[in-house]
Structures are given as C-alpha cells and as structure tokens.
Amino acid sequence: MNNIDLEILFLDKIKELNNKFQVIPFEHLSKVNGQLKLPRVLARTISNNVIHRYTNDREDTEKYGVFKQTNINKHIISFSFTLSKKDSFIDVAIIRDYFTNIEAINWWIKINGLNLVIEEVGELKDITDYSASDLLERYVFDLTVRTSKELRTEIEIIKDVDFEIKGGN
C-alpha cells in the first residue's frame, strides 16, 4: 500500500469518528492551502521501509514460471491536529484512543479486507503555539503500521533451444 492511500484510509476513519475535522493528506496540502479550516487534521508519512521479504514457492503455468514475494513494510504516519476555540484536547484523545484499542489486532484485516496491522500508537503531544495575538491549539500523535504486499513476476518458460556453433579461420 502506498503512502497516500494509507494516509487517506486513516483520515477517512478519523472523519468517520469526528466529522467536524477537515482532513488533509500532506501531499494535498498545496491544493487546499487557501481553504484551510479549523479544526483540521494533517497526515504525513514520516517513513516507509521494507522490513521483511518472504519468497514464496514458484508456481508454473503452461507458458510461464510465476515467482511470488511478499514484502512487509513498516510505515510511520504522523497526525497533526489544529483545533478551533470550540474544540478541545478530548476530541483528539478520543480519536487516538480508538486506534490504541485496535493496536496489534487483526481487526482491520478482517473488517476491511486489508493487509495492515497497527503496531504502535505514539503518545499524544501538545505542540500548542502561543503568540502575542492568539493561541493556536495543536496536538500530534504517530501511528506505526505494518502492511503486506504480494509481488508477482511471470517469466516465460522456454522449453527448447536450438543453436549451432561454427568456427572460422
């Protein structure tokens, strides 16, 4: 699963849990820059690394040899919440707690048919900005997610090879 699809999957769940948040993947931030609202959630993938590769057995069809490999990726996604004056820390804590309750459970795989598991939910951190004119209440937490993806390669099977070797002077 690529980064943007994973971010959107979690942002959609956040929107389902609390529909007053404007949800934005970091990649789309420039498209909505003039239309930012409060409260909002910004998701950004911090890292995405292959941590395991499993090679499956070769399967042959009549014309092709099929090679399969399963990659296990570890994604770290950061969610940054910017609140309006009507919202509170509790709104963000409820969302974080939801993901904490399904941490390390195959729930998402069974319900959504997806190959992902939430490995860890980071601490909820207060990154509120204080300025001379206003207070911008902000919170952030990270999710560590494992995904699996099967890669498949087909290579044509060559049954007979005819060649002729000639020498020269």
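The values are calculated or read from the model by the stated rules, or taken from the named source; none is laboratory data. Given the structure is predicted, the values throughout are model-derived calculations rather than measurements. Cβ coordinates were reconstructed from backbone atoms using ideal geometry, including for glycine residues, and neighbour counts include every protein chain displayed. When the accessible area is computed, the model is the full protein with side chains, heavy atoms only, and any ligands, DNA or RNA have been set aside. Shrake-Rupley method; radii C 1.70, N 1.55, O 1.52, S 1.80 Å.
Taking the range 71-95, which residues are more than 22 Å from residue 115 (Cα to Cα) and among the β-branched types (Val, Ile, Thr)?
Filtering the range 71-95 down to residues more than 22 Å from residue 115 (Cα to Cα) leaves 80-94.
82, 90, 92, 94, listed by residue number.
So which residues in the range 67-85 are outside any strand (DSSP E or B) and of a type in the set (Ser, Thr, Tyr)?
Once the filter is applied, which keeps residues that are outside any strand (DSSP E or B) and of a type in the set (Ser, Thr, Tyr), the range 67-85 yields only 84.
With the structure loaded, tell me whether residue 46 is part of a strand (DSSP E or B), touching a residue at least 24 places away in the same chain (Cβ under 8 Å) and exposed (fewer than 14 other Cβ atoms within 10 Å of the Cβ) or whether it fails that test. Give the steps one after another, and end with the answer.
On the way: part of a strand (DSSP E or B): yes; touching a residue at least 24 places away in the same chain (Cβ under 8 Å): yes; exposed (fewer than 14 other Cβ atoms within 10 Å of the Cβ): yes.
Against the criterion (part of a strand (DSSP E or B), touching a residue at least 24 places away in the same chain (Cβ under 8 Å) and exposed (fewer than 14 other Cβ atoms within 10 Å of the Cβ)), residue 46 qualifies.
Can you tell me which residues in the range 18-34 are open to solvent by less than 80 Å² (accessible area, probe 1.4 Å) and either outside any helix (DSSP H, G or I) or closer than 19 Å to residue 117 by Cβ (or both)?
Those that are open to solvent by less than 80 Å² (accessible area, probe 1.4 Å) and either outside any helix (DSSP H, G or I) or closer than 19 Å to residue 117 by Cβ (or both): 18, 21, 22, 23, 24, 25.
Could you tell me how many of the residues in the range 113-169 are more than 15 Å from residue 6 (Cα to Cα), of a type in the set (A, V, I, L, M), open to solvent by less than 60 Å² (accessible area, probe 1.4 Å) and touching a residue at least 60 places away in the same chain (Cβ under 8 Å)?
Qualifying residue count for the region: 2.
Just give me the residues in the range 58-97 being open to solvent by 40 Å² or more (accessible area, probe 1.4 Å) and among the charged types (D, E, K, R), in sequence order. Please lay out each step first, then the result.
Here is the first cut: in the range 58-97, the residues open to solvent by 40 Å² or more (accessible area, probe 1.4 Å) are 58-64, 67, 69, 74, 76, 85-86, 88-90, 94, 97.
Within the range 58-97, 58, 59, 60, 62, 63, 74, 85, 86, 97 meet the criteria.
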